[in-house]
Amino acid sequence: MDISLFAIILFFISFFGVLFSNNIIKSIISVLIMQTATVLFWLTLNVNDAAPEAPIIYDPALLNDIQSIADPVPQSATITAIIIGFAVSAIVITMFNAMCRQYGTADWETMERLATGGAKV
C-alpha cells in the first residue's frame, strides 16, 4: 500500500473518531492522529527518487537540470503543520483541563447537559 494512501485512510479513520466519540479524551487523540496523518501525507508528496538532493544549489550547472532538485514547498508546509499541530494540541489539552475541573467529566453529552443547567449525574 502506498504511504500517501495510508495517510489518507488514517486521516479519515481519525475524522470519524472525532465525529462519533462521546469521550473528550478519545476526540483529542483523534485530532492528534489527524494532524499526524496530515504531516505524513505532506511528507509523502515530496518523495521523488529522481530528486534526492536538497534544493541548495552549489553547482550552477545543476540549475539547468531542475528535475534533480527536491521541491521545498511540501517541506515548508510540513514544518508549518507540525508547529500548528503543537499549538492546537496545547490549546485543546488546556481547554480540556479547564472543562474537566469545572464539570468533573470527560463525556461530551454529560458536559453539555451540565453546561446548559441540567442535573448532575
With a ≥ b ≥ c from the Cα gyration tensor eigenvalues, square-rooted, and the rule rounded for a/c under 1.5, otherwise prolate when a/b > b/c and oblate otherwise, region 4-47 is prolate
Inter-label distance, nm, simple model (7 Å from Cα along the C-beta direction), I84/Y103: 2.7
Please arrange R113, R101 by counting, for each residue, the other beta carbons lying within 10 Å of its beta carbon, fewest first. R101, R113
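Every number in this text was worked out from the coordinates using simple rules, so none of it is lab data. Quantities reported herein were computed from a predicted structural model and do not represent experimental measurements. Note that each Cβ is placed from the backbone with ideal geometry, even for glycine, and that neighbours are counted across all protein chains shown.
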